[in-house]
1. Cut-off is 10 Å between beta-carbons; in what order do A:104, B:86 appear when sorted fewest neighbours first?
2. Say a paramagnetic label sat at a point 7 Å from the Cα of residue A:72, along Cα to Cβ; which residues of the range A:195-223 have their backbone N under 15 Å from it?
3. Could you tell me the calculated FRET efficiency between residue A:48 and residue A:87, based on Cβ-Cβ distance and R0 = 25 angstrom, to the nearest 0.05?
4. Across the range A:1-85, what fraction of all alpha-carbon pairs, as a whole percent, falls in each successive 10 Å bin from zero upward?
5. Go ahead and estimate [θ] at 222 nm for chain B from helices alone: -39,500 (n - 2.57) per DSSP H run with n ≥ 4, summed, over the residue count, rounded to 500.
6. Could you tell me whether the range B:25-140 comes out rounded, prolate or oblate from its Cα gyration tensor? Rule is a ≥ b ≥ c as square roots of the eigenvalues, rounded for a/c under 1.5, then prolate if a/b exceeds b/c, otherwise oblate.
7. With the Cα gyration tensor of the range B:237-302 giving a ≥ b ≥ c as the square roots of its eigenvalues, does the rule (a/c under 1.5 for rounded; else a/b larger than b/c for prolate; else oblate) give rounded, prolate or oblate?
8. I want to verify the translational diffusion coefficient of the range B:293-397 in µm²/s; compute it with Stokes-Einstein, Rh as the Kirkwood radius over Cα pairs, at 37 °C and 0.692 mPa s.
């Protein structure tokens with residue numbers, strides 16, 4: 001009922017019936033072809049510079065980063081981060097194949113559990129789908145590989161990102177996602193740029209509002 | 001129950017706000033924070049102005065095809081397992097939300113920041129039904145404790161100082177040790193984080209707003225810095241999205257363009273910390289996420305705005321830049337505007353939604369300095385739209401008698417240029433005589449409303465028109481003299497050349 005009321009009122013105001021073929025063609029084509037708008041030049045860099053830009057932009061948003069040469073180095077990097085924050089040697093990760101292939105056993109004291117977060121974990125490890133150099137933004141997709149709760153409930157969020165997955169701009173992320181999953185979006189796509197923050201009290205900017213107080217990105221491999 | 005409207009008492013509200021010492025201290029920080037950061041981050045992106053044009057064009061295109069994009073959006077939401085509920089009025093929207101909460105036997109509901117929820121007075125409605133709504137955005141949480149409305153669309157507690165917030169936390173969080181230290185914003189935030197963490201985990205339903213709806217994919221988008229919106233929508237059994245119909249945009253590419261101007265215009269960030277794209281409920285292989293996903297599409301007067309002069313207002317992406325840059329907002333704060341939407345955008349939108357008879361003062365509360373239009377990321381001509389409201393208020397005989405009489409007297413003279421010139425010249429001389437050498441006067445007959453609060457500047461002894469005429473004459477004379485000089489110089493040169501040639 002309300003549906004007809006609202007659509008009817010919109011059409012009356014626009015002076016259309018909704019059945020006009022040219023209007024349907026215009027919207028249908030836009031949805032099917034999803035043309036790009038103006039894409040800032042900033043991200044259009046050769047791979048090495050793109051990684052540098054990603055790291056610099058994320059640092060501005062209070063996210064820390066480091067580069068390692070291979071997945072073999074990830075356990076030591078994770079352990080070092082936990083030590084630097086005085087955290088227990090324990091992380092939670094999802095079933096992501098890349099994270100599963102990491103030789104966690106090399107870091108003997110590090111406990112790695114698999115699953116979603118129920119709020120009791122202090123640190124988590126996710127694998128990002130892409131990184132966007134333009135603003136230092138991580139893109140994570142939901143699912144059992146990388147449960148969404150791992151992005152928000154733990155106090156520290158460690159993200160593994162392959163250097164070759166750092167793209168220049170948001171549009172490149174959508175292209176990659178369409179290629180991977182087709183027309184259906186994952187339930188959640190999270191763009192994350194830095195640690196949780198708020199300036200709601202006297203406009204004083206503080207980290208750790210509701211989400212992670214720390215965001216650390218381990219960039220793996222050659223760009 | 002709906003949000004109490006005090007917009008008709010704008011003048012009284014403003015007067016009280018100007019005398020409120022706490023408020024004035026808090027408002028002093030608005031300019032230093034937002035304005036400089038926005039300018040910096042905009043200057044850093046060479047394409048920023050182009051992106052603003054494009055953002056405007058995307059919204060215009062979408063509004064012109066709103067029926068079709070909403071249909072496409074609805075179809076995609078259904079395909080992904082979500083439900084779309086259309087709400088023609090605020091009452092419809094409240095009923096839909098309450099029905100969902102009741103069906104799920106909800107005790108507590110967590111809420112991300114949503115201006116639509118404010119617009120429809122959702123919290124009061126849920127509370128009356130015995131369901132506890134919990135605001136989770138830090139600013140919203142604070143004002144909920146105080147039973148206040150937000151005073152800014154992106155910084156709801158901007159009118160408060162930390163001492164006030166400390167007092168509220170001590171009053172409400174009585175199970176915490178009274179000797180704890182809450183001197184700093186950091187300790188206040190840590191306390192709110194701990195208190196709200198339990199609420200997130202216990203909530204039955206999560207309600208968020210939406211910055212955008214994407215027709216291409218049936219996706220709702222929220223933009224936050226705290227991560228509260230994500231915890232709100234990920235943990236409970238159901239996620240309800242409250243969105244007004246104009247929030248839809250066609251594609252992921254379109255939303256990317258608009259996101260590039262949103263955070264930069266709002267807080268001066270390159271991008272907000274969390275931008276979250278949600279499509280439907282939990283999937284078969286999902287270990288987390290809401291079991292149900294509902295979208296409530298609210299009209300509440302917006303579809304009618306599509307037909308008239310105010311369609312451009314529907315481009316608004318709620319960044320708050322107009323109020324950050326508004327001298328009137330900066331002086332009186334958001335509560336004086338008397339309803340949900342303050343500042344220049346509120347001055348245009350509020351009369352559309354609650355009626356110019358109630359909100360007629362708001363479009364008058366403007367100096368027409370134009371800063372709002374200069375910074376609006378979707379280039380809404382806010383001063384022009386406020387002027388439309390003034391015209392409409394006049395046409396509908398809603399302006400007070402003194403204003404109408406004053407305009408009538410002015411119009412009488414303005415239509416008779418000779419009489420106008422004669423009268424203004426006399427008036428200038430009279431005022432100049434009256435004001436003596438002080439350059440201003442403290443009292444003026446029939447203008448107590450002005451001179452009670454500030455001095456009236458004494459006009460120059462002549463009218464603008466007289467000065468303009470004299471200057472034109474002087475310029476013409478100067479030009480004529482210069483031409484004559486040039487002519488003489490040329491003649492001399494020709495003569496000299498001729499002599500040299502001989």
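Read the figures in this text as sums done on the coordinates, not as results from a lab. None of the values given here were measured: they were computed from a predicted structure. Positions of Cβ are backbone-derived with ideal geometry, glycine not excepted, and every protein chain shown enters the neighbour counts.
1. Details: A:104 19, B:86 22.
With the sparsest Cβ surroundings first, the list reads A:104, B:86.
2. A:221-222
3. FRET efficiency, residue A:48 to residue A:87: 0.20.
4. Bins of 10 Å from zero give 12, 21, 19, 13, 18, 15, 3 percent of pairs.
5. Numbers: 25 runs with 273 residues, N = 502.
For chain B, the value works out to -16500 deg cm²/dmol.
6. Working: a/c = 2.77, a/b = 1.32, b/c = 2.10.
It comes out oblate by the Cα gyration axes.
7. Numbers: a/c = 2.19, a/b = 1.34, b/c = 1.63.
Taking the square roots of the gyration eigenvalues as a ≥ b ≥ c, the range B:237-302 is oblate.
8. Numbers: Rh = 13.9 Å.
It diffuses with D of about 236 µm²/s by this estimate.
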